[in-house]
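Some notes on the structure that comes next.
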Amino acid sequence: MHLPVGESLNALCAGLILICAFAIVGTRQVQGVRRFFIMQSILLATSCFLLAWDEHVADLWWLGGITVTAKVILIPWVMERTLAPEFYIRRELSQTINIPSSLLFALLLAVGSELLVGPIASASRNPVIETNLPIGLACLLIGAYSLAARREAIPQLLGILAMENGAFLAGIAIAPTLPLIAELAIAVDVVLIAVIVGLLTRTIEKTMGTTEAAALSELKEETVEWR
Amino acid sequence: MRRMIAYNIIQILFVLVFAPLYSGVLSRFKEIVQSKRGPSIFQPYRDLWKLYHKDEIISDQTTWIFRITPYLVFIAPIFVTVLIPVLTDYPLAFAFMGDMLAAGFFLALAGFFAALAAVDTGNPYGPMGASRTRMVGFLAEPVFMIVFFTVSFVAQSTIPYVVQQQWVASAAAFFSPAHVLLLVAFLMLILAEGGRIPIDNPTGHFELAMIDESKGLEYSGRGAALMKWGGQMKFLVLACVFLNVLLAPWGLASGESIVQILIAVPLILVKILVFAVVLVMIETSLSKLRLFRISEFLGAAFIVSVAAMIVSIFVAV
């Protein structure tokens with residue numbers, strides 16, 4: 001069976017989005033995590049535009065535009081402005097589970113989500129749903145996993161956003177004509193969360209001198225020297 | 001039939017003759033990118049010539065394994081050449097003798113004997129390098145397996161001549177995620193198997209850091225020449241598998257006349273040259289990984305190949 005080029009490119013985007021999700025779990029530096037998140041968002045927007053082109057849905061053009069402005073430009077820019085030192089410091093992120101095992105676990109999640117929703121998706125007989133639904137779910141789970149495995153605020157924040165990317169990928173396939181207002185609400189919601197978490201992180205960083213979440217379990221006393 | 005065998009011999013000659021040139025071009029490119037001048041691209045030929053005219057010294061502590069290994073290392077890539085498309089896009093005389101698994105088996109056999117021979121000498125650096133090669137090898141094995149399974153699943157065949165037609169059947173097939181991800185995974189595999197830079201430094205002469213090179217440390221004279229030539233051929237053969245089977249069969253001869261075969265030679269060389277430029281880009285922009293980071297590099301390759309498999313199963317192309 002041969003798919004049209006547009007759907008094939010969409011599938012390619014979905015595959016690369018999955019790879020980006022793995023990379024977000026597997027990278028050791030904050031800057032790298034951010035870079036892969038941006039790449040993932042660009043791919044997501046591309047997939048969105050491809051679907052909009054294929055199915056002639058005007059809403060998806062808007063959604064793609066929102067994705068580009070919010071996730072590719074705005075959020076990284078805000079994060080870089082507020083948390084610049086954390087980005088440019090070149091240290092390894094601390095993790096509860098080391099990276100090879102994390103990657104294997106993420107792989108299990110991906111295979112599991114394929115097995116879980118693969119049959120449902122293939123029942124739809126729509127190639128876009130068949131690709132996007134399992135991969136979107138896999139990205140969502142992998143994002144949630146990186147949220148749990150990372151012990152630092154910024155990668156955790158990027159993990160939330162990566163989860164949202166996964167949900168978005170599945171969403172545009174299942175309901176391309178969902179009312180724009182609902183999509184907008186979701187998109188804006190997440191952006192707001194991101195900004196709030198970003199600002200909170202910044203405050204924590206100012207008072208504690210670090211954004212490493214593991215270090216925050218100790219109470220701060222009068223004269224504690226962090227690093 | 002006789003013509004097919006003749007073409008097969010031309011393919012073997014192509015690999016034999018151009019393998020040293022390829023390695024020479026690669027190292028020259030690398031030196032140029034690093035703003036050095038570097039040796040002539042014909043230097044590997046001179047090295048081989050020089051080694052052939054030197055005496056061979058074999059330690060009396062070694063066994064027959066040490067003696068037959070250079071021949072095995074030399075012959076294995078030639079066997080693989082018989083099975084894969086190097087110059088033609090239609091199967092030649094012996095193409096159905098074995099599939100891609102057989103090709104992988106031949107290369108693995110040569111690698112196995114090379115590791116044994118390195119242990120055989122009792123030189124402390126040999127076994128160290130051999131055990132590292134095995135480590136890289138067993139991490140690379142699952143990637144090769146998954147790539148192989150995915151390819152045979154998508155193309156419904158394991159014969160490389162059938163597989164290569166799959167990708168150019170339509171633009172959608174060419175851009176299908178399975179194809180692109182497979183290419184990435186196999187490229188990483190080539191870097192690992194060929195001992196290129198993120199894994200191993202092919203130009204390094206420091207025994208403690210050697211991985212792939214250390215296997216040939218004890219060889220001299222003809223043995224060293226065969227080991228070297230065999231290694232160069234293996235790398236060229238892997239590049240041919242990547243370019244002709246997995247990427248696309250562009251530039252291959254499709255007709256059966258001798259002229260088309262001869263035209264295919266420069267076309268394939270150009271293709272390999274472009275690939276050499278890409279390799280040099282990768283090699284100069286990365287640094288050699290620490291030994292225990294290699295598992296992460298190959299783990300990433302494994303993830304990519306499994307993603308290709310997942311996508312290929314659920315997205316029917």
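Read the figures in this text as sums done on the coordinates, not as results from a lab. Computed from a prediction, not measured in an experiment: that's the story for all the values here. Note that we place each Cβ from the backbone using ideal geometry, even for glycine, and neighbour counts take in every protein chain shown.
Among B:Y71, B:F144, B:F275, which residue has its Cα positioned farthest towards the positive end of the charge dipole of the stretch B:2-314, with +1 placed on the Cβ of Lys and Arg, -1 on the Cβ of Asp and Glu, and the dipole taken about the Cα centre? Highest projection toward the positive end goes to B:F275. Where Lys and Arg each count +1 and Asp and Glu each count -1, what net charge lies around B:V278 among other residues with Cβ under 14 Å from its Cβ? Local net charge: +2.
Using a cut-off of 20 Å between alpha-carbon atoms, which aspartates and glutamates can reach B:K288, once sequence neighbours fewer than 8 places away in the same chain are excluded? Partners within reach: A:E92, B:E31, B:E193, B:D200, B:E207, B:D212, B:E213, B:E296.
Among B:V147, B:V274, B:V245, the largest mean-square fluctuation in a Gaussian network model of chain B (Cα springs under 10 Å) belongs to B:V274.
Once both labels are positioned 7 Å from their Cα atoms along Cα-to-Cβ, the gap between B:I68 and B:S220 label points is 2.5 nm. Under a GNM of chain B (C-alpha, springs under 10 Å), which listed residue has the highest mean-square fluctuation: B:A307, B:A108, B:A171? Taking springs between Cα atoms under 10 Å, the residue moving most is B:A171. Could you work out how far the C-alpha centroid of the stretch B:47-96 sits from that of the stretch A:151-175, in angstrom? Here the two parts' Cα centres lie 52 Å apart. Going from the residue with the fewest nearby Cβ atoms within 10 Å to the one with the most, B:W64, A:W53 rank B:W64, A:W53. Please go through the stretch B:215-317 and write out the chymotrypsin sites (Phe, Trp or Tyr not before Pro) that DSSP classes as loop and that have at most 16 other C-beta atoms within 10 Å. Qualifying residues, ordered by number: B:W250.
Seen from B:V119, the other residues with C-beta closer than 11 Å to its C-beta sum to a net charge of 0, counting Lys and Arg as +1 and Asp and Glu as -1.
Considering only alpha-carbon pairs that sit under 8 angstrom and 6 or more positions apart, the relative contact order computed for the stretch A:5-217 is 24 percent. If you take the Cα centroid of the stretch B:168-197 and the Cα centroid of the stretch A:76-126, the two points sit 22 Å apart. Take the Cα coordinates of chain B, assign each an equal point scatterer, and use the Debye formula without solvent to give log10 I(q)/I(0) at q = 0.11, 0.13, 0.15 Å⁻¹. Computed log10 I(q)/I(0) values: -0.69, -0.98, -1.31.
Seen from every direction in turn and averaged, the convex hull around the alpha carbons of the protein assembly as shown projects onto 29.1 nm². Can you tell me which of B:Q11, B:Q34, B:Q165 moves the most in a GNM of chain B? Springs connect C-alpha atoms under 10 Å apart. Checking each option, the largest mean-square fluctuation is seen for B:Q34.
Given Cα pairs under 8 Å that are at least 6 residues apart, what percent is the relative contact order of the stretch B:2-314? Provide the component values of the computation, followed by the final result.
Details: 438 pairs, mean separation 90.2, N = 313.
Computed value for the stretch B:2-314: 29 percent relative contact order.
Shielding value for A:123-130 is 1, the average number of Cβ atoms from other chains within 10 Å of each residue's Cβ.
With neighbour counts taken as other beta-carbon atoms within 10 Å, the residues B:M1, B:M188 rank, fewest first, as B:M1, B:M188. Label zone of B:A93 (point 7 Å out along Cα→Cβ, amide N under 18 Å): in the stretch B:235-275 this covers B:256-259, B:261-262.
Taking every C-alpha pair closer than 8 Å and separated by at least 6 residues, the mean separation divided by the residue count of the stretch A:81-167 gives a relative contact order of 30 percent. Shown here for the stretch B:267-317: trypsin sites (Lys or Arg not before Pro) in loop regions (DSSP other than H, G, I, E, B) with at most 11 other Cβ atoms within 10 Å, namely B:R290. Counting beta carbons within 10 Å around each of B:D60, B:D55 and listing the fewest first gives the order B:D60, B:D55.
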